[in-house]
Structure formats: C-alpha cells, structure tokens
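*Asks:* Dropping the structure in here first, questions after.
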Amino acid sequence: MARVLVTGAAGFLGSHLSDRLLDEGHTVLSVDNLSIGNLENLRHLRNEPRFTFEEWDICDAFDPEGGVPGKVCTREDETNWYERSLGWHEGRRTVRSRS
C-alpha cells in the first residue's frame, strides 16, 4: 500500500480521509497548522502505528523525510494559484468546458 500525505488532517474532512486511507491499508502522514483544525479529531489515531501527525503550515517547506523548513510561498503566490484554479484571467472568470 501507499504512503499518503493528508493536509488539513485535523479538520473534519482531513480526519475522515485519514480514517478511510488507514482502513484501506495505507500509511498516513498528516499535516495541519491547527489554525482551524482540532487535534481532538485525530485523538482516536494516536496509537495507530501507520499514522503520523506533524503540526505544520503547508506554506512552509515540508520534507516528509525531515528536511529543513523555509518559506516557499507568499500571499501573492497563494492568490495567483487561487485565481488560476478558478479560471480567472484579467479580472474576468472564464468558463472551462468539460472535455
């Protein structure tokens, strides 16, 4: 089975996704900065050997093997990504066809 990274793992969706992945036999590395999430959502997994939790902000560099942290994105990067993901271009929304 795979080793899976779950971001936002201490939130409602992330914690349930972690449960499902573990049920399917995967190993889960979970990351959350706890700005909204709550560790209570993960309490039942604290003794699960295939589950690891790291308190981390995904805007900081993250190496699941233990690398050195450093800022990798800025507010401008986040805004640009958000606009691209929604299909915004030059202040107008474009509609993408399903092909």
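*Asks:* Of Ser18, Ser35, how do they rank once you tally other Cβ atoms within 10 Å and put the fewest first? Show your work: numbers first, answer last.
*Replies:* On the way: Ser18 24, Ser35 9.
Ordered from fewest to most neighbouring Cβ atoms within 10 Å, Ser18, Ser35 come out as Ser35, Ser18.
*Asks:* Once phi is turned into θ = phi - 60°, what whole-Hz ³J(HN,Hα) does the Karplus curve with 6.51, -1.76 and 1.60 give for every residue of segment 38-44, x standing for Gly and Pro?
*Replies:* With coefficients 6.51, -1.76 and 1.60, one gets 9, 4, 4, 5, 10, 3, 5 Hz.
*Asks:* At 0.36 nm per residue, and after removing the present C-alpha to C-alpha distance, how many nm does the segment from Phe12 to Cys59 gain when stretched out fully?
*Replies:* On the way: separation 47, 0.36 × 47 = 16.92 nm, distance 2.05 nm.
Between Phe12 and Cys59, full extension yields 14.9 nm more.
*Asks:* Now for a different question. Label point 7 Å out from Arg3 along Cα-to-Cβ: which residues of segment 18-35 have amide N under 13 Å?
*Replies:* Of the residues in segment 18-35, 27-30 have backbone N under 13 Å from the label point off Arg3.
Any read-out appearing in this document is the output of simple, stated calculations on the displayed coordinates, not a laboratory observation. Please read these numbers as outputs of a predicted model, since none were measured by experiment. Virtual Cβ from ideal backbone geometry, glycine too; neighbours counted across all protein chains shown.
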